[in-house]
Amino acid sequence: MNVPGDVLVIGFDGISSGEYNVPTLTTVATDFRGMANTSVSLLMRRIEHPDDEFYPQTVNVGYRLIERESTRR
């Protein structure tokens with residue numbers, strides 16, 4: 001199979017090694033810095049308010065699409 005001629009390929013991790021593949025790999029890059037900042041904020045809230053009741057919650061972090069050769073036609 002020929003990429004991207006026959007099939008388009010995309011990764012979901014955003015690691016920089018995709019820049020060195022042939023063809024270069026399109027990826028969805030997660031905002032790891034934003035995820036870390038949010039995690040630390042939530043942890044600090046628990047540490048600073050140990051008697052508060054906490055409930056499970058969903059946190060959305062940012063992402064961006066990095067288009068490279070593996071999806072270009």
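Overview of results
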{"read-out": "Only one of Asp31, Asp51 that is without any contact (Cβ under 8 Å) to a residue 40 or more places away in the chain and in contact with a Lys or Arg (Cβ under 9 Å, 6 or more places away or on another chain)", "value": "Asp31"}
{"read-out": "Matching residues, segment 37-73, being in contact with a Pro (Cβ under 9 Å, 6 or more places away or on another chain) and more than 20 Å from Ile15 (Cβ to Cβ)", "value": "Arg73"}
{"read-out": "Any hit, segment 14-22, residues being modelled with pLDDT under 90, part of a loop (DSSP other than H, G, I, E, B), exposed (fewer than 13 other Cβ atoms within 10 Å of the Cβ) and not hydroxyl-bearing (Ser, Thr, Tyr)", "value": "yes"}
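The values are calculated or read from the model by the stated rules, or taken from the named source; none is laboratory data. Keep in mind that this is a model prediction, so the values were computed, not measured. All Cβ positions, even for glycine, are placed from backbone atoms using ideal geometry, and neighbour counts span all protein chains on display.
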